[in-house]
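Some notes on the structure that comes next.
The values are calculated or read from the model by the stated rules, or taken from the named source; none is laboratory data. These numbers were taken from a predicted model, which means no experiment stands behind them. Counting neighbours? That spans all protein chains shown, and the Cβs are built from the backbone with ideal geometry, glycine included.
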Amino acid sequence: MKKQNRILVIAAFAAAAVTLNSTAAEVSPIPKPDGKPADMTKPVQVFILLGQSNMLGMGKITGGEGSLENALKVKKKYPYLVDESGAWTQRKDVRNVFVMCSGNSPAKDQHNDWMSISNRNKLGPEHGIGHLLGNAIESPVMILKSCIGNRSLGWDLLPPGSAPYEFEGKLEPGYRGTPKDPKGNGEPLADEWYAGCQYDGDIAAAKKVLTELDKYYPGGKGYEVGGFFYWQGEKDAGNPAHAAKYEENLVRFINVVRTEFKAPKAKFVLGTMGESVKGSGGNGGKILDAQLAVDGTTGRYPEFKDNVATVYTNPMAQGGSGNGHYGGNSEVYMDVGEAMGKAMVGLLKMNR
């Protein structure tokens with residue numbers, strides 16, 4: 001049975017109520033799931049995860065130092081992932097869905113089951129996110145991940161409305177543009193990669209899941225997109241033109257994905273690259289500055305107040321880097337997931 005001291009949050013992304021535990025993100029340790037289903041009379045609250053390879057997830061489950069197995073058995077971390085017998089826990093109130101495509105090709109299902117480590121060989125931040133949200137929300141929750149690795153915001157994930165621009169004497173393509181035809185903004189190009197090709201694919205894949213709700217959340221009575229999670233930036237750091245436009249592209253991305261899913265008030269949480277340190281320079285520093293700038297507490301974008309949060313992940317990275325997938329260290333993925341989940345719960349509480 002979920003705790004009774006819940007606060008009622010009226011979600012602005014629709015008229016239905018979402019019930020939050022006022023201390024869910026602050027309780028330590030995170031409680032084990034009770035194995036009970038959510039209140040299926042309420043719409044499914046959908047949280048969409050986007051980004052590149054670290055959102056995809058490269059954390060090791062088994063093995064020695066850096067594996068989830070080691071973190072649980074040796075360091076006694078994340079006890080909510082196993083029950084008293086040592087078996088993996090399973091949430092019956094959080095659905096874990098992962099679809100993946102390359103570019104705008106048809107997506108394939110990677111996961112479609114209840115939130116659990118069982119039958120996984122790698123993990124991303126979705127488990128920390130899913131448990132925080134599952135504890136905080138009485139409605140059914142769907143974690144819907146749609147992404148693939150090695151994608152940049154300045155090219156592959158470029159959002160609609162992005163215009164071509166000049167950088168160091170070279171014209172960079174706008175949305176649906178190519179180096180040969182930078183103008184873009186037309187129809188998707190058949191059999192050709194273009195600026196925004198992965199954006200088109202990831203968004204279409206997520207939308208398709210939502211058109212088949214009962215397949216991905218059995219018994220679901222409609223849905224609401226409650227929020228977005230975004231962890232990305234490594235590929236842009238390798239391209240000076242993309243790093244220079246990262247903030248502009250990120251602001252547009254946040255606004256456009258909300259429009260795509262008809263969820264203008266949906267919350268947005270993003271994570272920085274773990275290797276990036278505040279005050280650093282170079283392309284990585286530009287991307288970090290952009291990611292920190294969109295946080296609603298900075299005041300740089302007043303429209304993001306109380307609805308966008310940036311999680312500074314450097315303290316959780318254990319010296320690893322996004323390009324190196326943090327050495328497969330599962331603790332990084334779990335810690336970042338928990339921090340992002342806590343940030344989302346905090347934003348949801350803003351509506352109370």
Selection from region 182-204 of residues that are surrounded by 14 or more Cβ atoms within 10 Å (Cβ to Cβ) and among the acidic types (Asp, Glu): 200, 202
Residues that are among the acidic types (Asp, Glu) and under 30 Å from residue 216 (Cα atoms), drawn from region 137-195: 138, 156, 187, 191
Conditions (1) surrounded by fewer than 21 Cβ atoms within 10 Å (Cβ to Cβ); (2) closer than 29 Å to residue 209 by Cα: number failed by residue 323: (2)
Tally of residues being small (Gly, Ala, Ser) and over 24 Å from residue 44 (Cα atoms) across region 179-210: 5
The listed residue being touching a Ser or Thr at 6+ places or on another chain (Cβ under 8 Å), acidic (Asp, Glu), under 20 Å from residue 256 (Cα atoms) and surrounded by fewer than 23 Cβ atoms within 10 Å (Cβ to Cβ), out of 306, 295: 295
Within region 86-119, tally of residues that are among the polar types (S, T, N, Q) and closer than 18 Å to residue 29 by Cα: 3
Qualifying residue in region 180-195 (condition: touching a strand residue (DSSP E or B) at 6+ places or on another chain (Cβ under 9 Å), under 27 Å from residue 268 (Cβ atoms) and either of a type outside the set (A, V, I, L, M, F, W, C) or in a loop (DSSP other than H, G, I, E, B) (or both)): yes
Matching strands (runs of 3 or more DSSP E) fully within region 64-165 where at least 2 residues are under 23 Å from residue 197 (Cα atoms) and in contact with an Asp or Glu (Cβ under 9 Å, 6 or more places away or on another chain): 94-100, 141-146
In region 299-331, the residues that are more than 29 Å from residue 265 (Cβ to Cβ) and not in a helix (DSSP H, G or I): 317, 318, 319, 320, 321, 322, 323, 324, 329
From 281, 296, residue being at pLDDT below 95, more than 21 Å from residue 162 (Cα to Cα) and not assigned by TED's automatic domain parsing to the domain that holds residue 171: 281
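If you check 207, 215, which single one turns out to be under 29 Å from residue 112 (Cα atoms), in contact with a strand residue (DSSP E or B) (Cβ under 8 Å, 6 or more places away or on another chain) and surrounded by fewer than 20 Cβ atoms within 10 Å (Cβ to Cβ)?
215
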Residue 170, sole failed condition from (1) closer than 22 Å to residue 61 by Cβ; (2) surrounded by fewer than 19 Cβ atoms within 10 Å (Cβ to Cβ): (1)
Tally of residues being buried (at least 19 other Cβ atoms within 10 Å of the Cβ) and out of contact with any Ser or Thr (no Cβ under 7 Å at 6 or more places or on another chain) across region 263-272: 5
Residues of region 246-297 satisfying the condition of being farther than 19 Å from residue 342 by Cβ and either touching a Cys at 6+ places or on another chain (Cβ under 8 Å) or among the hydroxyl-bearing types (Ser, Thr, Tyr) (or both): 246, 259, 276, 280
